[in-house]
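The values are calculated or read from the model by the stated rules, or taken from the named source; none is laboratory data. Small disclaimer: the values here were computed from a predicted structure and weren't measured. Here Cβ is always computed from backbone atoms with ideal geometry, including for glycine, and neighbour counts include all displayed protein chains.
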Amino acid sequence: MPSTTEPLREIAAVDLGSNSFHMMVARAAGAELQVLDRLREPVRLAAGLDENKQLNAEARGRALACLEKFGQRLKGLPASRVRVVGTSTLRRMKNRAEFLRAAEAKLGHRIEIISGREEGRLVYAGVTHGMGLTSPRRLVVDIGGGSTELIVGHGTAPKLMESAAIGCVVHSKEHFADGEITRKRFAKARLAARRELEFLERRYRKAGWDLAMGASGTIRGAWRVMRAKGWIEDEITREALEKCVEMVVDAGHVSKIDFDDLREDRRPVFAGGLAVLAGVFDSLGLERMQTSERALREGVLYDLLGRLDDRDVRDGAVAALAKRYGVDARHAQAVERTALRLLDQVSEEWKLDKTLSRTLVGWAARLHEIGLVIAHSGYHKHGEYILRHADLQGFSQTDQSLLAALVRLHRGKFAPAVFEELPQEWAETLRRLAAVLRLSVLLHRSREGSLRPSLELSAGRNSLELKFRKGWLERRPLTQADLEQESDYLKAGDFRLKFD
């Protein structure tokens, strides 16, 4: 039972999957969750992508109608207590920006697109939460609509995480588009799944596991069908899997897949999903697999709880990266301290989200010099490259791009191309955060760890004014010269800088 001494908090997770959209609302007290509400709709987003990865009008309409319903349930929940994640299809979609604007308007909350590896981390967290150390080495498999995540971990810590571009919707569309199922077609689909997994087969088998677990609709659906036939009880076995394959082949057509305990909306993609599951068994040499009711959305909720309780996994990822690239921690802390002081003075005038802005600027200050490991010349560009391509646990693709852009913009010219690659709605905010970070880096150029400049920063819509304690700037001619040059740089970012 939740502790009666801790405040109850309502939180929500939304999973925008390739086959279905899911929402879970829960009450949290401490580290425990009590589910209050669940909603699920078979949106079939992946089926709505054409050969150019453009989303058709029909699928778009289904998605937005679903999100409008979700938005009604989420109304009144603060943004800090809601996390919305998009997976494989949203990662691949070409017209993503326009769709996301419409989707966020319906939902009333920001949508994060997460990488396949981050999806795997969250799935693993959801499945293994509270399991203890019984059978500590775990393989977790999640077959979604557009991708399959495979994670090997020890206890609660994932060690290997990969995402393969195979899923029940995509595989069904590729191998059973006309609905016909033959033995030859199924064998080809099964082999194609194994080929997609070939890149990880050796590493995963070498790592080993004590327990294999499957999550989400495809695996749970297959388990229910096998259980309804009396072939299994608590876990999928290879023998039962092969019987299920034979049953699907004997059906001969997708329209004839009406097995007991299989939801109607899952029937059109069952053959493709089963072929992927068989490919996983073949690739990893599995003989049995347990199933879990928990998956990505539970992992998102537990991760959200961590953020609310100051256990944000992203802070650990930033610290690990700083250590890996030999960042001067003392200097980075000084830059961060001043940047946050400056930011606090202009946040209200610029109507910035204080928590989000402080978080982004803090991370950027801690990592602004990681590019020095490559070369001093253009190190801000090297830092941007590292951050765009690093595996940063807990980060959405948007957050990682924003962090990379801030590091790129902390010195030198305001490069217009940086803003062109970001979501349009973030351009002005990022421009302002970058201006604050640049001033902090400039003020700490001397690398005096004890330096705490006494200053005030005020802001207009497109202007900044720095006021120093009398005599402070006169004693620092290099800083004064740097500020004069910075005034020219900021003009390219549509800022006027004044200082005295």
| Restricting attention to segment 296-305, does a residue exist that is without any contact (Cβ under 8 Å) to a residue 60 or more places away in the chain and surrounded by 20 or more Cβ atoms within 10 Å (Cβ to Cβ)? | no
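Yes or no: Val441 over 16 Å from Glu348 (Cα atoms) and in a helix (DSSP H, G or I)?
Values: over 16 Å from Glu348 (Cα atoms): yes; in a helix (DSSP H, G or I): yes.
Here the answer is yes, as Val441 does meet what is asked.
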| field | Sole residue being surrounded by fewer than 19 Cβ atoms within 10 Å (Cβ to Cβ), out of contact with any His (no Cβ under 8 Å at 6 or more places or on another chain) and over 30 Å from Leu392 (Cβ atoms), chosen from Arg311, Arg263 | value | Arg263
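Working carefully through the options Leu387, Leu437, Leu403, find the one that is at pLDDT 95 or above, of a type outside the set (Ser, Thr, Tyr), out of contact with any Gly (no Cβ under 8 Å at 6 or more places or on another chain) and farther than 30 Å from Gly460 by Cα. Steps first, answer last, please.
On the way: Leu437 fails: farther than 30 Å from Gly460 by Cα; Leu403 fails: farther than 30 Å from Gly460 by Cα.
That would be Leu387, the only listed residue that is at pLDDT 95 or above, of a type outside the set (Ser, Thr, Tyr), out of contact with any Gly (no Cβ under 8 Å at 6 or more places or on another chain) and farther than 30 Å from Gly460 by Cα.
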| query | What's the number of the condition Gly326 fails, among (1) closer than 23 Å to Leu451 by Cβ; (2) crowded, with 18+ Cβ neighbours inside 10 Å; (3) within 28 Å of the chain's Cα centre (by Cα); (4) in contact (Cβ under 8 Å) with a residue 40 or more places away in the chain? | reply | (2)
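What about Glu264, is it in the same structural domain as Tyr204 (by TED's automatic domain parsing) and closer than 30 Å to Trp209 by Cα?
On the way: in the same structural domain as Tyr204 (by TED's automatic domain parsing): yes; closer than 30 Å to Trp209 by Cα: no.
Against the criterion (in the same structural domain as Tyr204 (by TED's automatic domain parsing) and closer than 30 Å to Trp209 by Cα), Glu264 does not qualify.
Could you say which residue among Leu433, Leu403, Leu443 is assigned by TED's automatic domain parsing to the domain that holds Gly371, over 22 Å from Glu112 (Cα atoms) and buried (at least 18 other Cβ atoms within 10 Å of the Cβ)?
Working: Leu433 fails: over 22 Å from Glu112 (Cα atoms); Leu403 fails: over 22 Å from Glu112 (Cα atoms).
It is Leu443.
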| request: Please name all residue pairs, on different chains or six or more residues apart, with Cβ atoms under 7 Å, provided the first residue is in segment 198-222 and is over 28 Å from Met23 (Cα atoms) and in contact (Cβ under 8 Å) with a residue 40 or more places away in the chain and the second residue is among the acidic types (Asp, Glu) and outside any helix (DSSP H, G or I). | output: Leu200/Glu162
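So that you can scan it fast, the table gives a plain yes or no per residue for (1) crowded, with 22+ Cβ neighbours inside 10 Å; (2) among the aromatic types (Phe, Trp, Tyr); (3) modelled with pLDDT of 95 or more:
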site: Ala28; (1), (2), (3): yes, no, no
site: Asp50; (1), (2), (3): no, no, no
site: Lys53; (1), (2), (3): no, no, no
site: Arg62; (1), (2), (3): no, no, yes
site: Gly76; (1), (2), (3): no, no, no
site: Ser80; (1), (2), (3): no, no, no
site: Arg83; (1), (2), (3): yes, no, yes
site: Gly86; (1), (2), (3): yes, no, yes
site: Arg96; (1), (2), (3): no, no, no
| Which of (1) within 30 Å of Gly299 (Cα to Cα); (2) in contact with a strand residue (DSSP E or B) (Cβ under 7 Å, 6 or more places away or on another chain); (3) not hydroxyl-bearing (Ser, Thr, Tyr) is the odd one out, the single condition Leu466 does not satisfy? | (1)
| query | Is there a residue in segment 402-424 that is small (Gly, Ala, Ser) and under 20 Å from the mean Cα position of the chain (by Cα)? | reply | yes
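Taking the residues in segment 191-245 that are of a type in the set (Asp, Glu), within 32 Å of the chain's Cα centre (by Cα) and farther than 16 Å from Leu284 by Cα as candidates, determine which candidate is surrounded by the most Cβ atoms within 10 Å (Cβ to Cβ).
Start the filter on segment 191-245 by keeping residues that are of a type in the set (Asp, Glu), which leaves 196, 198, 201, 210, 233-235, 239, 242.
When the remaining residues are screened for being within 32 Å of the chain's Cα centre (by Cα), the result is 196, 198, 201, 210, 234-235.
Among the residues that remain, those that are also farther than 16 Å from Leu284 by Cα are: 234-235.
Values: Asp234: 9, Glu235: 18.
Looking at the filtered set, the residue picked out is Glu235.
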| request: Read through the list (1) at pLDDT 95 or above; (2) among the hydroxyl-bearing types (Ser, Thr, Tyr); (3) under 30 Å from Asp399 (Cβ atoms), then give the number of the only condition that Ser216 fails. | output: (1)
| query | Which of the residues that make up segment 90-123 are within 19 Å of Ser216 (Cβ to Cβ) and either more than 13 Å from the chain's Cα centre (by Cα) or in a loop (DSSP other than H, G, I, E, B) (or both)? | reply | Arg92, Ile114, Ser115
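Can you work out which of the residues in segment 452-472 that are of a type in the set (A, V, I, L, M, F, W, C) and within 24 Å of Ala332 (Cβ to Cβ) is farthest from the chain's Cα centre (by Cα)?
Looking at residues that are of a type in the set (A, V, I, L, M, F, W, C) and within 24 Å of Ala332 (Cβ to Cβ), I get Trp472.
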| Within the bounds of segment 452-459, is there any residue that is assigned to a helix (DSSP H, G or I) and under 22 Å from Arg337 (Cα atoms)? | no
| request: Determine whether segment 380-393 contains at least one residue that is hydrophobic (A, V, I, L, M, F, W, C), crowded, with 21+ Cβ neighbours inside 10 Å, farther than 24 Å from His109 by Cβ and in contact (Cβ under 8 Å) with a residue 12 or more places away in the chain. | output: yes
| task | Could you tell me whether segment 132-141 includes any residue that is under 19 Å from the mean Cα position of the chain (by Cα), part of a loop (DSSP other than H, G, I, E, B) and not β-branched (Val, Ile, Thr)? | result | no
| query | Would a scan of segment 138-152 turn up a residue that is small (Gly, Ala, Ser) and surrounded by fewer than 24 Cβ atoms within 10 Å (Cβ to Cβ)? | reply | no
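Right, Ser172: on the phi < 0 side of the Ramachandran plot, under 19 Å from the mean Cα position of the chain (by Cα) and touching a residue at least 24 places away in the same chain (Cβ under 8 Å) or not? Give the steps one after another, and end with the answer.
Details: on the phi < 0 side of the Ramachandran plot: yes; under 19 Å from the mean Cα position of the chain (by Cα): no; touching a residue at least 24 places away in the same chain (Cβ under 8 Å): yes.
Considered against the rule, which asks whether it is on the phi < 0 side of the Ramachandran plot, under 19 Å from the mean Cα position of the chain (by Cα) and touching a residue at least 24 places away in the same chain (Cβ under 8 Å), Ser172 comes out as no.
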| Do you know which residues across segment 406-417 are aliphatic (A, V, I, L, M) and crowded, with 20+ Cβ neighbours inside 10 Å? | Leu406, Val407, Leu409
| When segment 418-438 is examined, which residues are found to be in a helix (DSSP H, G or I) and over 18 Å from Phe495 (Cβ atoms)? | Glu420, Gln424, Glu425
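Could you check segment 354-367 and list, in sequence order, the residues that are closer than 19 Å to Ala404 by Cα and not aromatic (Phe, Trp, Tyr)? Working first, answer last.
Step one: of segment 354-367, the residues closer than 19 Å to Ala404 by Cα are 355-367.
Passing the criteria: Thr355, Leu356, Ser357, Arg358, Thr359, Leu360, Val361, Gly362, Ala364, Ala365, Arg366, Leu367.
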